[in-house]
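Asks: Encoded as structure tokens, here's the structure I'll be asking about.
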């Protein structure tokens, strides 16, 4: 995990924070960006190939492992993997039962999927920083970010999907009129009809801000924590190759931060799951 002596620290950091980007070049052709500036110039139509690949790969890995365990489940003495999967399922089920008071068969499987999927994406942050980028660099891949949850496109995609379900079930359970009333009749209330009408605008402003803030905070919380963790790994890796003393010190810091980071990656997956359950419960509540 040593940085190259031919580049500066700033270039090293910029390189590891740049996604493998596919998009349209200024000359009209489509292809992969070969520099950070090319990636930036591609605009909003660009696709982060590495984030999509690793998120789909880890999602498929989760499905395959759980499907394999489910197909070979036994009531006798279970294997270690079955024990682990059952523990995860029971853990998620307890959280759903404790936070979701309505009945919806979608919530528990969705919570399980989000928790395991996000945990696996976060877990990629423990892979040594330069192992995969260097290996892929041998075949001409210029950039490679292997932690999808450090990409705001991924975290916003997850949060906006949950937000879409929040809106859908809010309207389905409460009706369009009930959902509209929820946005316009709280928190200020009055028995006087004229005053109630005057309260509609401030109520809608407050409730709308509260509603919109849900997917923003939901996504940025996960992104911010994982991005900060990745940045610390990058800064520590700058010590490698800078002398024996700094290399040894960097190795110790790397180990300590990796151990502490296990708690962070698990906690962030748990928080995202719990907030999803709470948002689904809010969508099913009639006030």
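Only the coordinates and a few stated rules stand behind these numbers; no lab work does. Computed from a predicted model, the values in this text were never measured in an experiment. All Cβ positions, glycine included, derive from the backbone under ideal geometry; neighbour counts span all protein chains shown.
Asks: Assuming R0 = 30 Å, can you tell me the calculated FRET efficiency for the pair residue 102 and residue 204, based on Cβ-Cβ distance, to the nearest 0.05?
Replies: On the way: r = 25 Å, r/R0 = 0.84.
That gives a FRET efficiency of 0.75.
Asks: Enter the angle in degrees (range 0 to 90, nearest 10) between the Cα long axis of helix 107-123 and the first principal axis of the Cα atoms of the chain, meaning the one along which they spread out most.
Replies: Its long axis makes an angle of about 20 degrees.
Asks: Using mean Cβ contacts within 10 Å as the protection proxy, how do 192-204, 152-164 order, highest first? Present the calculation step by step, with values, prior to reporting the outcome.
Replies: Numbers: 192-204: 12.8, 152-164: 18.6.
Top of the packing list down: 152-164, 192-204.
Asks: Next question, about the same structure. Taking the Cβ-Cβ separation of residue 176 and residue 244 as r and a Förster radius of 51 Å, what is the calculated FRET efficiency to the nearest 0.05?
Replies: Working: r = 69 Å, r/R0 = 1.34.
It comes to 0.15.
Asks: Taking R0 as 45 Å, what's the FRET efficiency between residue 29 and residue 74 from their Cβ-Cβ distance, rounded to 0.05?
Replies: Efficiency, from the Cβ-Cβ distance: 0.20.
Asks: Please give the calculated 222 nm ellipticity per residue for the chain, where each DSSP H segment of at least 4 residues contributes -39500 (n - 2.57) and the sum is spread over every residue; nearest 500 deg cm²/dmol?
Replies: On the way: 9 runs with 200 residues, N = 287.
Rounded to the nearest 500, it is -24500 deg cm²/dmol.
Asks: Now for a different question. When the Cα atoms of the range 114-224 are enclosed in a convex hull and the volume is divided per residue, what value in Å³ results?
Replies: Numbers: hull volume 14.3 nm³, N = 111.
Expressed per residue, the convex hull around the Cα atoms of the range 114-224 is 128 Å³.
Asks: Determine the distance separating the Cα centre of the range 247-287 from the Cα centre of the range 128-160; give it in Å without decimals.
Replies: Each part's Cα centre sits 19 Å from the other's.
Asks: Expected output is a single nm value to one decimal: the length gained when fully extending between residue 168 and residue 135, i.e. 0.36 nm times separation in residues minus the C-alpha distance. What is it?
Replies: Taking residue 168 through residue 135 to full extension adds about 7.4 nm, to one decimal.
Asks: Where the eigenvalues come from the Cα gyration tensor of the range 44-83, what are the semi-axes √(5λ) of the equivalent ellipsoid, largest first, in whole Å?
Replies: Semi-axes (√(5λ), whole Å): 35, 8, 5.
Asks: What does the range 1-88 give for Rg and for Dmax, in Å, if only its C-alpha atoms count?
Replies: 21.1, 64
Asks: Give the relative contact order (percent, whole number) for the chain; include only Cα pairs under 8 Å separated by 6+ residues.
Replies: Numbers: 301 pairs, mean separation 74.5, N = 287.
The normalised contact order for the chain reaches 26 percent.
Asks: Can you tell me the orientation of helix 193-237 relative to the chain, as the angle in degrees between its alpha-carbon axis and the longest Cα principal axis, to the nearest 10?
Replies: Tilt relative to the chain: about 20 degrees.
Asks: Give the dimensionless ratio obtained when the Cα radius of gyration of the range 56-284 is divided by 2.2 N^0.38 Å.
Replies: Numbers: Rg = 22.5 Å, N = 229, 2.2 N^0.38 = 17.3 Å.
That ratio works out to 1.30.
Asks: If you don't mind, there's one more thing I want to ask. Project the alpha carbons of the range 55-161 onto their principal axes and report the range along each, largest first, in whole Å.
Replies: If we take the Cα atoms of the range 55-161, the spans are 49, 37, 19 Å.
Asks: Compute the long axis of helix 152-184 from its Cα atoms, compare it with the longest principal axis of the Cα atoms of the chain, and write down the angle in degrees, 0 to 90, nearest 10.
Replies: On a 0 to 90 degree scale, this one is about 0.
Asks: Ok, one more. Order the peptides 131-137, 240-246 from the highest to the lowest mean number of other Cβ atoms within 10 Å of their residues.
Replies: On the way: 131-137: 14.3, 240-246: 12.4.
Output ranking for 131-137, 240-246: 131-137, 240-246.
Asks: According to the Cα gyration tensor, what semi-axes, each the square root of 5 times an eigenvalue, does the equivalent ellipsoid of the range 180-237 have, listed from largest to smallest in whole Å? The partial results should precede the final answer.
Replies: Numbers: eigenvalues 372, 11, 7 Å².
Working from the Cα gyration tensor, I get semi-axes of 43, 7, 6 Å.
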